[in-house]
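K.L.:
First the structure, then my questions, so here it is.
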Amino acid sequence: MDLLNTLVDKGLRRELPTREEALAVLSTSDDELLDVVAAAGKVRRQWFGRRVKLNYLVNLKSGLCPEDCSYCSQRLGSKAEILKYTWLGAEDASKAAAAGVAGGAKRVCLVASGRGPTDRDVARVSKTIEAIKEQNEGVEVCACLGLLSDGQAERLREAGADAYNHNLNTSEGTYGDITTTHTYADRVDTVRKAHDAGLSACSGLIAGMGESDEDLVDVVYALRELDPDSVPVNFLIPFEGTPLAKEWNLTPQRALRILAMVRFVCPDVEVRLAGGREVHLRSMQPLALHLANSIFLGDYLTSEGQAGQADLDMIADAGFEVEGTDTTTLPSHRADQSAGGCGSHTSGGCGSSPDQTETACGAHTGGCGPCGGAHEPAESAPNSATATEARTDLVAVRRRGAGTDLAPNA
């Protein structure tokens with residue numbers, strides 16, 4: 001297929017595809033799916049080989065968020081029967097992180113529900129970061145605390161944070177359909193604050209909220225412009241008790257096309273297979289490893305994930321290997337330009353062609369920080385599989401790990 005040959009060539013050169021090419025990936029047929037995966041897999045292997053980076057979530061504070069994010073089980077007014085607890089102490093959080101590290105995680109993601117941290121919260125999280133760093137040599141720490149105020153990103157970096165996550169989630173044009181308590185611009189501002197403070201910026205999206213193909217391409221191109229080192233691709237987990245509980249718009253094939261499109265647009269960036277992979281990819285998860293070079297290990301914020309050992313078995317069985325702490329995740333042309341964090345920020349955005357002019361480029365659908373409101377699903381988009389049967393049996397609320405007396409799933 002000429003389209004795929006063109007996209008592979010551009011990906012190997014770190015050149016931005018056209019919007020038409022990105023849209024064409026999303027509209028390919030099921031008969032063409034393996035060709036799409038194989039093509040995007042060539043780009044993935046060029047920049048990341050067969051390595052898979054493992055990340056582990058620690059939910060520092062669960063539920064009772066004042067924001068009204070439509071997709072979020074922790075949102076204002078949520079009736080989802082999730083765990084609810086206030087801030088974990090540094091010792092308990094470090095113990096939870098250690099379980100993930102023992103399972104092979106290279107990065108620990110510290111997440112807290114809420115609009116954004118107070119300065120007291122930043123001080124609290126800073127102690128947790130320091131404790132984790134002291135006990136786990138070589139492990140990266142990413143914070144995800146919502147919208148940042150001036151100076152807070154710098155304080156987190158001084159405490160030892162390597163990265164900051166704040167997802168754009170969806171396109172600017174449809175953001176108002178899922179959010180009332182803050183704006184798309186607020187999210188962009190926080191990603192830039194993290195970037196400017198020298199933290200490795202981590203920002204991604206949530207697919208499956210009723211968006212169109214154009215919305216998906218819009219948000220991925222916006223991410224490329226913001227230049228994050230990590231792009232988590234979440235698939236909506238339709239929690240009962242949230243406004244999007246009836247949104248079952250994804251099939252495994254659709255999810256794979258989305259991942260392939262993200263890889264072509266951001267060829268040399270850490271693409272993370274994040275929340276909802278078990279629910280929507282199901283038995284096709286191993287194919288996604290040919291597209292994403294990073295996954296979350298075990299459970300998520302408020303939902304249970306695949307067993308940690310099953311994740312490790314899947315990686316090995318698919319012919320991939322877990323990335324060690326002695327390996328740099330990003331390709332050298334990005335890592336060498338790092339401002340001191342674990343990532344870098346190249347001219348032209350995520351994997352731009354060297355001859356382009358300079359522009360500006362978690363992880364989880366149960367999430368932290370703002371995003372919500374009434375949501376009107378988009379009209380049926382190509383390959384959206386609106387007739388997909390709801391698999392509510394695959395949505396399991398987390399009842400172990402952080403905030404409980406039960407051992408975590410890592």
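K.L.:
Scan segment 55-67 and give yes if some residue there is part of a loop (DSSP other than H, G, I, E, B) and crowded, with 23+ Cβ neighbours inside 10 Å, otherwise no.
P.N.:
yes
K.L.:
Of all residues being open to solvent by 10 Å² or more (accessible area, probe 1.4 Å) and in a helix (DSSP H, G or I) in segment 248-257, which is farthest from Glu15 (Cα to Cα)? Just the residue, please.
P.N.:
Pro252
K.L.:
Quick one: how many residues across segment 81-116 are outside any helix (DSSP H, G or I) and either buried (at least 24 other Cβ atoms within 10 Å of the Cβ) or modelled with pLDDT under 90 (or both)?
P.N.:
19
K.L.:
Out of Asp317, Asp229, Asp311, which single residue is open to solvent by 10 Å² or more (accessible area, probe 1.4 Å) and not basic (Lys, Arg)?
P.N.:
From the options Asp317, Asp229, Asp311, the qualifying one is Asp317.
K.L.:
Also: Looking only at segment 129-149, filter to residues that are under 22 Å from Asp229 (Cβ atoms) and in a helix (DSSP H, G or I); which one of those is most open to solvent (accessible area, probe 1.4 Å)?
P.N.:
Among those that are under 22 Å from Asp229 (Cβ atoms) and in a helix (DSSP H, G or I), it is Lys133.
K.L.:
Return yes or no: is Thr28 β-branched (Val, Ile, Thr), touching a Lys or Arg at 6+ places or on another chain (Cβ under 7 Å) and surrounded by fewer than 23 Cβ atoms within 10 Å (Cβ to Cβ)?
P.N.:
Spelling it out, Thr28 is indeed β-branched (Val, Ile, Thr), touching a Lys or Arg at 6+ places or on another chain (Cβ under 7 Å) and surrounded by fewer than 23 Cβ atoms within 10 Å (Cβ to Cβ).
K.L.:
Moving to a separate point now. Mind checking which residues of segment 12-25 are surrounded by fewer than 18 Cβ atoms within 10 Å (Cβ to Cβ) and closer than 15 Å to Val262 by Cβ?
P.N.:
Those that are surrounded by fewer than 18 Cβ atoms within 10 Å (Cβ to Cβ) and closer than 15 Å to Val262 by Cβ: Arg19, Leu23.
K.L.:
What's the total number of residues in segment 258-303 that are under 13 Å from the mean Cα position of the chain (by Cα) and in a loop (DSSP other than H, G, I, E, B)?
P.N.:
Matching residues across segment 258-303 total 9.
K.L.:
Pick from Leu4, Leu34: which is more than 21 Å from Arg224 (Cα to Cα) and in a helix (DSSP H, G or I)?
P.N.:
Of Leu4, Leu34, the one residue that is more than 21 Å from Arg224 (Cα to Cα) and in a helix (DSSP H, G or I) is Leu34.
K.L.:
Separate question: Give segment 222-261 a look and list any residue that's in contact with a His (Cβ under 6 Å, 6 or more places away or on another chain) and among the small types (Gly, Ala, Ser), or say none.
P.N.:
Ala255
K.L.:
Return the residues of segment 180-209 that are farther than 30 Å from Glu130 by Cβ, open to solvent by less than 10 Å² (accessible area, probe 1.4 Å) and part of a loop (DSSP other than H, G, I, E, B); say none if nothing qualifies.
P.N.:
Listed by number, the residues that qualify are Gly208, Met209.
K.L.:
Whether any residue in segment 224-247 is modelled with pLDDT of 95 or more, in a helix (DSSP H, G or I) and out of contact with any helix residue (DSSP H, G or I) (no Cβ under 8 Å at 6 or more places or on another chain) is what I want to check.
P.N.:
Yes: segment 224-247 contains one or more residues that are modelled with pLDDT of 95 or more, in a helix (DSSP H, G or I) and out of contact with any helix residue (DSSP H, G or I) (no Cβ under 8 Å at 6 or more places or on another chain).
K.L.:
Looking at (1) in a helix (DSSP H, G or I); (2) crowded, with 22+ Cβ neighbours inside 10 Å; (3) touching an Asp or Glu at 6+ places or on another chain (Cβ under 9 Å), find the lone condition where His333 falls short.
P.N.:
The one condition His333 does not meet is (2).
K.L.:
Could you tell me whether Gly173 is open to solvent by 30 Å² or more (accessible area, probe 1.4 Å) and of a type in the set (Gly, Ala, Ser)?
P.N.:
Answer is yes for this residue.
K.L.:
How many residues are among the β-branched types (Val, Ile, Thr) and within 19 Å of Arg115 (Cα to Cα) if we restrict to segment 161-176?
P.N.:
1
The values are calculated or read from the model by the stated rules, or taken from the named source; none is laboratory data. Worth saying up front: this structure is predicted, and the values here are computed from it rather than measured. No Cβ is skipped: glycine too gets one built from the backbone with ideal geometry, and neighbour counts run over all protein chains shown. Heavy atoms of the whole protein, side chains included, go into the accessibility calculation; ligands, DNA and RNA do not. Shrake-Rupley method; radii C 1.70, N 1.55, O 1.52, S 1.80 Å.
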